[in-house]
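Shown next, in structure tokens, is the structure this report addresses.
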Amino acid sequence: MKRRFTKRALSVSVVAVVLVLAGATAQAGWLYVLAAGVLGIVASSLLYRPRLGALEVQRAVPVRAVVGDEVRLRLSVTNTSRRSIPPFRIEDRYAAYTGVGAAACDRLGAEARAEIELRRVAHRRGVYDAGIVQLRCGAPFGFMRSTREVDVPSFATVVPSWVELRSFPILEPSSYPSDVLHERARTGAGEEFLGIRDYRPGDSPRAVHWRSTARTGHLMVREYEEHPSTRVGIVLVGGDHGPLPASSFETLVSAVASIAMYALSTGHPLELVRGESDGGVSALAEPEKEDALTWLAAARPADASPAPLVAHALGRLGRRGTLVVCAPTAGAAGAGLLAAVDHAQTAGARVFVVVAQSSTWTDEVVDEIDPASLAGGRARVRIARKDESLKACLEG
């Protein structure tokens, strides 16, 4: 527990000194007595120690929240001693939420408990297991402030926000010959009628087309179009620029979340790949929506070449896959982006690139690629900029 004099104590001490000087000038003893009394009150504050160490704090937070959500946080403060504790101020500094949540607590009796509810806004994506609560008391006269900080365990996951996309060109028709592979209809057990063919052993009797069978004299069966569910891989890599919570990397994380939600809602198997600060690779195969968001909650900026991440994703996707690379225009990630995209296209994958133009977040960017250079090949490019609509960016 830390203790220090307040500005009030300094002001009162200055008044006491002035009284001493005035008493010396006027030869008035009563001024000396008054000054001594004032200084005595200040000095006595040193002897009084509020028992903040006897306070036990617990915090209850929502286990899961989305960036931008307003949440209710409950603090429980228990006096474990047999003496009452004077009024104090409690400040919650849980890093996931905006600012500081503060409340005043009245005198807390022996072994009594106070319940405090605070409304906070989740603004910082991440996985949290604890947070600081600060207790402050200025009793009895406000001349000495006692402060105690408690690291209170409380697990919470704040997942990134995302936008509901009406479209994203994962399987939309392409004008590039190399992409015909991704769009070609395949025969299978779909619902759209494709044609009539000869019976093959193993065909379901329900598929027999009796009119054609009667006309040709041998068994004919209906054939339906199978709509292929293209595997979609999303790579997230790069450093961060600009202030939280709307920095360039956070924008890319929201872009990944938006594309992932669209892919899963349209029935595409998903592969998520991101870089780690230690140079490693973190991947998540075929997640559900909640799993994907939780995985993204733990993402951290990692400025590195996207080539190893793209190679890892391609190993899972195969030639029929669709790869989305999300990276900034600056740093090692930006510098290696074009080569990584060329490698993915050579491997036969359909490639989309979402780039955060770093210079729109900060003037400190020195080297960054021109986003237009990525559009020189066959890659489709979406450019995200500070203060612009992410939904409009992704939908094009």
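Accessible surface computed residue by residue for the stretch 246-332, with neighbouring protein chains in place and a 1.4 Å probe, gives 34 Å² per residue.
Stretching the chain fully between E276 and R211 yields a gain of 17.2 nm (0.36 nm per residue, less the alpha carbon separation). Measuring nothing but protein heavy atoms, the accessible surface of the stretch 221-288 at 1.4 Å probe radius is 46 percent carbon and sulfur.
When Rg and Dmax are taken over the Cα atoms of the chain, they come to 32.9, 134 Å. When you filter the GluC sites (Glu not before Pro) in the stretch 203-309 for DSSP loop state and at most 16 other Cβ atoms inside 10 Å of their Cβ, you are left with E276, E288. Taking the C-alpha atoms only, the angle from helix 307-317 to the longest principal axis of the chain is near 50 degrees. Can you tell me the 0 to 90 degree angle between the C-alpha axis of helix 7-26 and the longest principal axis of the chain, rounded to 10? Relative to the chain, helix 7-26 is tipped by roughly 20 degrees.
When you restrict to C-alpha pairs under 8 Å that are six or more residues apart and normalise by the size of the stretch 284-342, the relative contact order lands at 38 percent. For the pair R107 and A26, a Förster radius of 56 Å applied to the C-beta separation gives a FRET efficiency near 0.85, rounded to the nearest 0.05. Ranking H312, H241, H268 from most to least accessible surface, computed with a 1.4 Å probe over the protein chains only, gives H312, H241, H268.
Considering only L323, L374, L219, the Gaussian network model of the chain with Cα springs below 10 Å gives its largest mean-square fluctuation to L219.
Relative to the 2.2 N^0.38 Å rule of thumb, the stretch 1-135 has a C-alpha radius of gyration ratio of 1.53.
Between I196, S76, H218, the Cα set farthest toward the positive side of the dipole of the chain (charges on each charged residue's Cβ, about the Cα centre) is that of S76. If you line up the long axis of helix 248-265 against the longest principal axis of the chain, both from Cα atoms, how many degrees apart are they, to the nearest 10? Computed tilt is about 40 degrees.
The GNM of the chain, with springs linking C-alpha atoms under 10 angstrom apart, assigns the highest mean-square fluctuation among F168, F141, F155 to F141. Take every pair of alpha-carbon atoms less than 8 Å apart whose residues are at least six positions apart; their mean separation over the length of the stretch 1-64 yields a relative contact order of 32 percent.
For F141 and D342, what is the calculated FRET efficiency with R₀ set at 51 Å and r taken between the beta-carbons, to the nearest 0.05? Efficiency computed from Cβ-Cβ geometry: 0.10. Taking other residues whose beta carbon is less than 15 angstrom from the beta carbon of P371, and scoring Lys, Arg as +1 and Asp, Glu as -1, yields 0. Helix-only arithmetic for the chain: the sum of -39500 (n - 2.57) across DSSP H runs with n ≥ 4, divided by the residue total, places the mean residue ellipticity at 222 nm at -8000 deg cm²/dmol. Positive end of the charge dipole of the stretch 259-396 (Lys, Arg +1 and Asp, Glu -1 on Cβ, about the Cα centre): tell me which of A299, S277, P371 has its Cα farthest that way. It is P371.
Remark: relative contact order (the chain) = 12 percent; criterion is Cα-Cα distance under 8 angstrom and separation of 6 or more residues.
For the stretch 1-134, the per residue solvent-accessible surface stands at 57 Å², with DNA, RNA and ligands left out and a 1.4 Å probe.
Electrostatic bookkeeping for Y94 treats Lys and Arg as +1 and Asp and Glu as -1; over the other residues with beta carbon under 9 Å from its beta carbon, the sum is +2.
The values are calculated or read from the model by the stated rules, or taken from the named source; none is laboratory data. All values reported here derive from a predicted model rather than from experimental measurement. Glycine also receives a Cβ, built like all others from the backbone with ideal geometry; neighbour counts cover every protein chain displayed. Side chains are part of the model used for accessible areas, which takes the heavy atoms of the whole protein and leaves out ligands, DNA and RNA. Shrake-Rupley method; radii C 1.70, N 1.55, O 1.52, S 1.80 Å.
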